[in-house]
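See structure below.
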Amino acid sequence: MIAITGANGNLGKSTIQFLLQKVAPTDIVAIVRNPETVNEFKEKGVTTRQADYNDYNTLKEVFKGVETVLQISTIGVDTETAKQQEKNVVNAIVENNVKHIVYTSMVQARPNTVFQGTQTQYYTEELIRRTNIPYTFFRNSMYMEAIPELIGNALQTNEIRYPSGSGKVSFVSRTDIAEAIANVLTGNAHGNQTYEITGNTAYSFDELAGVISKEKSITVNHVDISDEVFREELISYQIPVEVVDLLVSMANGIKIGEFSHVDSTLEKLLGRKSFDLNKYVKEL
Ligand SMILES: NC(=O)c1ccc[n+]([C@@H]2O[C@H](COP(=O)([O-])OP(=O)(O)OC[C@H]3O[C@@H](n4cnc5c(N)ncnc54)[C@H](OP(=O)(O)O)[C@@H]3O)[C@@H](O)[C@H]2O)c1
């Protein structure tokens, strides 16, 4: 059986849709906080189990009889809470004789990154490596699907106000990632592999503005605002301060190149070209 944590999230749902084309629904276990959110899968015969990353007692029950786990990284705004959540999941996996862990990490994960999210995910990679259970790390670059949030209302104002300097991002389609994960979950020879999962080009925000201008036939410019102005603008939208900190750390990480790596592994796992940024932007 293959279990998926975060099964009602964007990546979890998309991965299950690809898995359903490859294995029987009864071989899939969707792990969620609220089972009602995956009724569509339950109706197809997928097993649903309830667990909260904060509650170890629920987690240790949900991996029973499972051979392969897709551990989808937690959202984790507060790094210490996020690390504890990830640790709870890994400990519960270890207790249940799981044979393979596929974990969603961040591109070029390493210690002491500026982006706080990558710190948590590198920590989790270390925990998983120490279990001695064969693993596959999907070190995903920034989702293309994050672009609407990153550019805000740029299509109306013609400005992308973002403090990323000339830092580049190798945007990657979340749907492509889901398909590649489904291939790995059902394939062989992926044990103890670390895959850098990226689009095939990295774009600065100036270049992203250029793509948007071309595809939408408007003029959009990137305005490289200061961290302070970015912070003030986020707070003016009532965004909680810990989320603001996370978002500033992400912009700072982009600025110094933490999301710029480009790698061809995704296309190898898919056996085809990855989804093109221009096509995504055209549909915005
Ligand atoms: N590479 C990128 O650009 C990028 C961007 C955003 C996120 N990420 C990372 O990739 C992961 C998957 O992305 P996504 O788009 O699928 O995110 P998503 O749609 O926000 O899904 C997050 C999932 O985590 C679950 N979750 C959160 N806290 C939980 C808890 N305490 N116990 C159990 N489940 C919990 C959520 O369940 P509920 O519905 O119950 O909250 C949801 O299923 C994210 O969690 C994040 O770590 C990467």
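What follows is calculated from the coordinates using simple rules that are stated; it is not laboratory data. It should be emphasised that the depicted structure is a prediction, and the values quoted were computed from it without experimental measurement. Using ideal geometry, Cβ is built from the backbone for each residue, glycine included, and neighbour counts are taken over all protein chains shown.
Points to keep in mind about this one:
- Once the trypsin sites (Lys or Arg not before Pro) in DSSP loops with at most 11 neighbouring Cβ atoms within 10 Å are cut out of the chain, the longest remaining piece is 100-271.
- Counting lysine pairs in region 144-284 whose alpha carbons fall under 26 angstrom apart, excluding pairs fewer than 8 residues apart on the same chain, gives 20.
- Cβ-based net charge around residue 47, under 13 Å, with every Lys or Arg adding one and every Asp or Glu removing one: +1
- Candidate membrane-span-like segments in the chain, meaning DSSP H helices with Cα atoms spread over at least 20 Å of their own axis and a Kyte-Doolittle mean of -0.5 or above, are 241-255, with no membrane implied.
- The chain, dipole about Cα centre (Lys/Arg Cβ +1, Asp/Glu Cβ -1), debye to the nearest 20: 920 debye
- Taking each residue as 0.36 nm, the span from residue 193 to residue 126 lengthens on full extension beyond its C-alpha to C-alpha distance by 22.8 nm.
- Placing +1 on the Cβ of every Lys and Arg and -1 on the Cβ of every Asp and Glu, with nothing else charged, gives region 221-284 a dipole about its Cα centre of roughly 540 debye.
- Gyration tensor (Cα) of the chain, equivalent ellipsoid semi-axes in angstrom: 33, 21, 18
- Among beta bridges identified by DSSP and lying wholly in the chain, the antiparallel ones come to about 5 percent.
- For region 156-240, applying the loop criterion from DSSP together with a ceiling of 15 other beta carbons within 10 Å to the chymotrypsin sites (Phe, Trp or Tyr not before Pro) yields 237.
- Stretch gain in nm, segment residue 217-residue 97, where the contour uses 0.36 nm per residue and the Cα spacing is subtracted: 37.7 nm
- Considering helices alone, the calculated mean residue ellipticity of the chain at 222 nm is -12500 deg cm²/dmol, with DSSP H runs of length four and up weighted by -39500 (n - 2.57) and normalised per residue.
- Hits among lysines - C-alpha to C-alpha of residue 44 under 27 Å, sequence gap 8 or more where chains match: 13, 22, 60, 64, 99
- Each pair of Cα atoms in region 1-84 enters the Kirkwood radius, and Stokes-Einstein at 4 °C and 1.567 mPa s then converts it into a translational diffusion coefficient of 100 µm²/s.
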